[in-house]
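The values are calculated or read from the model by the stated rules, or taken from the named source; none is laboratory data. Quick caveat: nothing in here was measured; it's all calculated off a predicted structure. Cβ placement follows ideal geometry from the backbone for every residue including glycine, while neighbour counts extend to all protein chains displayed. Each accessible area value is taken on the protein alone, full model and side chains, heavy atoms only, with ligands, DNA and RNA left out. Shrake-Rupley method; radii C 1.70, N 1.55, O 1.52, S 1.80 Å.
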Amino acid sequence: MAKIDNYNFAGKKAIVRVDFNVPLDENGHITDDTRIRGALPTLKKILADGGSLILMSHMGKPKGKVNMKYSLSQIREDVAKALGTDVKFVPDCMKAAEAAAELKPGEVLLLENLRFYPEEEGKPVGIDKEDPAYDAAKKEMKERQKEFAKTLASYADVYVNDAFGTAHRKHASTAVIADYFDNDSKMLGFLMEKEVQAVDNILKDIKRPFTAIMGGSKVSTKIGIIENLMNKVDNLILCGGMTYTFAKAQGGKIGQSIVEDDKLDLALDIIKQAKEKGVNLILGTDCVAADSFSNDAKTIICPANDIPDGWEGLDAGPETRKAFEAAIIPSKTILWNGPAGVFEFDNFTAGSRAIAEAIVKATENGAFSLVGGGDSVACVNKFGLADSVSYVSTGGGALLEAIEGKTLPGVAAVQ
Ligand code: AMP
């Protein structure tokens, strides 16, 4: 595999898979440009070398159909501003051969949303998985996906994958396209390299104590990673909405709190596994309960396993926050994914803030801290602490799968 650092792009056309799936407001204006900024080191290196850029990305979930709500034309000006140069645009990613051929060194071409074509994701459309014809449709779509990837590849001399957010998907632009470049002409971008390195720091050569903090609304979506982390960590903090599934499983009263009734056995099993493996499992003992799901709700502090009827736990209580801090501050490796409360409401941010501030303290004391997954990243941004942790990952699902130890197709394809 080639390395971006010592590759000379002079005179080359580079097709770069970026993650420009940025959030837009109702007027199509970008509300957070982190992902564009994240790709800049790679893009600027290619231009500075005297290469030209063909940028490709998805945006949203147009499900294989043209939908201008997800048009990348909306962000063309922002990309141009970020790069400090004009950006040409092709409104159909399959009809870019001419525009690509005309590109001169230093020029930039942005392709329209790849997911306007079902071939990008490679899933058959309009047919149910149960349909007997599904397998044949899938096979046919995989063939079409290869053709789609081949066309994209034909625009360029070299392929760079810098889209960590989609690295866990085997899509045309993230993985299949790599088959059409030889080993010396495909590589990871700087952002991808940094992400892969950050995951390595967490998985290999772990400095202890290692504390993982998993939050968010549900235990069901995080079970794979929780079970995997159980074999690696010293402290496992489970917080946020899943607190109440654990409290109920152990016979607690949780009022109207969010709960997954079909995961009570799973919760008990996690507690058992932690005991067997000698993991210090930290669950919320008290909570901030609200009389409605709103920022202005009345609140009380009560035990997480004794919440009055009509009240719901929306944040970690003071005793719980102290327990979180006690585990996090002396840690030397820290992974945080998912908030400890409904942090979108300003009155329910205390638990997530306590975690973020404890991570910052640990980092100042020499810990390696990795924060990843949309909501925890939104938390550290909201608290202005993103620059005070070791690494903020741009990947949600991709990060979790990498930490689960799965091979990411987007990384494997170029290696
Ligand atoms: P997830 O998508 O599973 O990572 O969950 C993130 C969401 O969990 C955020 O939108 C939080 O508002 C939400 N969340 C965290 N704690 C709670 C809670 N106690 N009750 C309801 N939702 C919560």
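Determine if segment 94-105 includes at least one residue that is within 19 Å of residue 33 (Cα to Cα) and under 29 Å from the mean Cα position of the chain (by Cα).
Within segment 94-105, none of the residues are within 19 Å of residue 33 (Cα to Cα) and under 29 Å from the mean Cα position of the chain (by Cα).
How many residues, within segment 116-129, are part of a helix (DSSP H, G or I) and more than 17 Å from residue 16 (Cβ to Cβ)?
Count: 4.
Filtering segment 311-334 down to residues that are within 16 Å of the ligand (Cβ to nearest atom) and open to solvent by less than 30 Å² (accessible area, probe 1.4 Å), which residue is nearest to residue 247 (Cα to Cα)?
313
Which condition from (1) in a loop (DSSP other than H, G, I, E, B); (2) buried (at least 17 other Cβ atoms within 10 Å of the Cβ) is the one that residue 405 breaks?
Of the numbered conditions (1) in a loop (DSSP other than H, G, I, E, B); (2) buried (at least 17 other Cβ atoms within 10 Å of the Cβ), the odd one out for residue 405 is (2).
Can you tell me which residue among 271, 223, 258 is touching a Phe, Trp or Tyr at 6+ places or on another chain (Cβ under 9 Å) and either at pLDDT below 95 or within 16 Å of the ligand (Cβ to nearest atom) (or both)?
Just one listed residue meets the conditions, 258.
Checking the condition away from the ligand (no atom under 16 Å from the Cβ), open to solvent by 10 Å² or more (accessible area, probe 1.4 Å) and more than 17 Å from the chain's Cα centre (by Cα), which residue from 200, 184 passes?
184
Answer with yes or no whether residue 251 is in contact (Cβ under 8 Å) with a residue 24 or more places away in the chain and open to solvent by less than 50 Å² (accessible area, probe 1.4 Å).
Against the criterion (in contact (Cβ under 8 Å) with a residue 24 or more places away in the chain and open to solvent by less than 50 Å² (accessible area, probe 1.4 Å)), residue 251 does not qualify.
For residue 289, state whether it is in a strand (DSSP E or B) and either open to solvent by less than 20 Å² (accessible area, probe 1.4 Å) or within 16 Å of the ligand (Cβ to nearest atom) (or both).
In short, yes.
For segment 120-168, which residues satisfy the criterion of being of a type in the set (A, V, I, L, M) and touching a Lys or Arg at 6+ places or on another chain (Cβ under 8 Å)?
125, 141, 156, 158, 160, 163
Select from segment 75-91 the residues that are open to solvent by 60 Å² or more (accessible area, probe 1.4 Å) and outside any loop (DSSP other than H, G, I, E, B) and list them in ascending order.
76, 77, 78, 81, 88
In segment 349-373, which residues are surrounded by fewer than 24 Cβ atoms within 10 Å (Cβ to Cβ), assigned to a helix (DSSP H, G or I) and within 16 Å of the ligand (Cβ to nearest atom)?
Once the filter is applied, which keeps residues that are surrounded by fewer than 24 Cβ atoms within 10 Å (Cβ to Cβ), assigned to a helix (DSSP H, G or I) and within 16 Å of the ligand (Cβ to nearest atom), segment 349-373 yields 350, 353, 354.
Looking only at segment 273-284, decide whether some residue is outside any strand (DSSP E or B), in contact with an Asp or Glu (Cβ under 7 Å, 6 or more places away or on another chain) and open to solvent by 70 Å² or more (accessible area, probe 1.4 Å).
No, because not a single residue in segment 273-284 is outside any strand (DSSP E or B), in contact with an Asp or Glu (Cβ under 7 Å, 6 or more places away or on another chain) and open to solvent by 70 Å² or more (accessible area, probe 1.4 Å).
Before we move on, is residue 342 more than 18 Å from residue 203 (Cβ to Cβ), open to solvent by 10 Å² or more (accessible area, probe 1.4 Å), out of contact with any Ser or Thr (no Cβ under 7 Å at 6 or more places or on another chain) and β-branched (Val, Ile, Thr)?
The answer is yes for residue 342.
If we scan segment 245-266, do we find a residue that is under 23 Å from the mean Cα position of the chain (by Cα), of a type in the set (Val, Ile, Thr), on the phi < 0 side of the Ramachandran plot and not in a strand (DSSP E or B)?
No, the conditions are met nowhere in segment 245-266.
May I ask you to list pairs of residues, at least six apart or on different chains, whose Cβ atoms are under 7 Å apart, with the first in segment 24-40 being in contact (Cβ under 8 Å) with a residue 12 or more places away in the chain and the second being of a type outside the set (Asp, Glu) and open to solvent by 70 Å² or more (accessible area, probe 1.4 Å)?
24/31
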